[in-house]
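One structure below.
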Amino acid sequence: MNSSKLPTPSYRLESEQVYDPSEDTFLLLDALENDLPILKSVKPALVLEIGPGSGVVITALSLALLRTSFFMAVDINHFACSTTAQTADKNGSKVDVLCGDLVSSLRLGNLIDLLVFNPPYVPSNEGEETELIDKAWAGSDLGRFSTDKCVHISIKFFGGMQDSSLRTLLSDNITYLRLASVILV
């Protein structure tokens, strides 16, 4: 495997309640591939994906970073958690998967080196989410509910103003990242 390439893992969706990798998933994979030399040089100890869905992104990262990191994924959807674990296993990768809402159930203060999140961004009305799969796309009236919620969590986890690498600016919250951290959204 070319060390500057990010592999697309094999996956199989067994539930209609799991977000099928789509254009936004593959754009995120492309962005990660473009930043792979940076990510390898940072040597993240802890990589966390919020909302992994199929597990394609976190598994690709674990394969590309050649098991030099500890990989975790957290999803509110138990079907997605199961699918992520299966995708990692199917590709010979080790990813610890937890069921939970964003990272509120974790106590990882200042330990996350790489946080990856492809948040729900489709504007939606309150109460429109009737099934678990809806949480993968429904972003509230502005399409930012999970992103805004994650920004507040990043304040808790990432601490003060530091020199950080951001590929997508989350509002004006750059000051909340810890040194050498990377957020890709």
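The values are calculated or read from the model by the stated rules, or taken from the named source; none is laboratory data. Just so we're clear, the structure is a prediction, and the values are computed from it rather than from any experiment. FYI the Cβ positions are ideal-geometry reconstructions off the backbone, even for glycines, and counts take in every protein chain you see.
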**Prompt:** Looking at the range 42-53, which of its residues are crowded, with 23+ Cβ neighbours inside 10 Å and either of a type in the set (S, T, N, Q) or out of contact with any strand residue (DSSP E or B) (no Cβ under 6 Å at 6 or more places or on another chain) (or both)?
**Reply:** 53
**Asked** Which of the residues that make up the range 8-41 are surrounded by 15 or more Cβ atoms within 10 Å (Cβ to Cβ), closer than 13 Å to residue 55 by Cα and not aliphatic (A, V, I, L, M)?
**Response** 8, 9, 11, 19, 21, 25
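Here is a yes/no grid of residues against (1) of a type in the set (A, V, I, L, M, F, W, C); (2) closer than 15 Å to residue 87 by Cβ; (3) touching an Asp or Glu at 6+ places or on another chain (Cβ under 6 Å):
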residue: 6; (1), (2), (3): yes, yes, yes
residue: 12; (1), (2), (3): no, yes, no
residue: 15; (1), (2), (3): no, yes, no
residue: 20; (1), (2), (3): no, yes, no
residue: 25; (1), (2), (3): no, yes, no
residue: 32; (1), (2), (3): yes, no, no
residue: 36; (1), (2), (3): yes, no, no
residue: 40; (1), (2), (3): no, no, no
residue: 46; (1), (2), (3): yes, no, yes
**Asked** When only residues in the range 33-83 that are in a loop (DSSP other than H, G, I, E, B) and among the small types (Gly, Ala, Ser) count, which is nearest to the chain's Cα centre (by Cα)?
**Response** 51
**Request:** Would you point out which residue out of 103, 116, 97 is of a type outside the set (Lys, Arg), modelled with pLDDT of 95 or more and crowded, with 19+ Cβ neighbours inside 10 Å?
**Result:** 97
**Asked** Does at least one position in the range 2-24 carry a residue that is under 20 Å from residue 100 (Cβ atoms), in a loop (DSSP other than H, G, I, E, B), in contact with a Cys (Cβ under 9 Å, 6 or more places away or on another chain) and touching a residue at least 40 places away in the same chain (Cβ under 8 Å)?
**Response** no
**Request:** Would you mention how many residues in the range 84-97 are in a helix (DSSP H, G or I) and of a type in the set (Lys, Arg)?
**Result:** 1
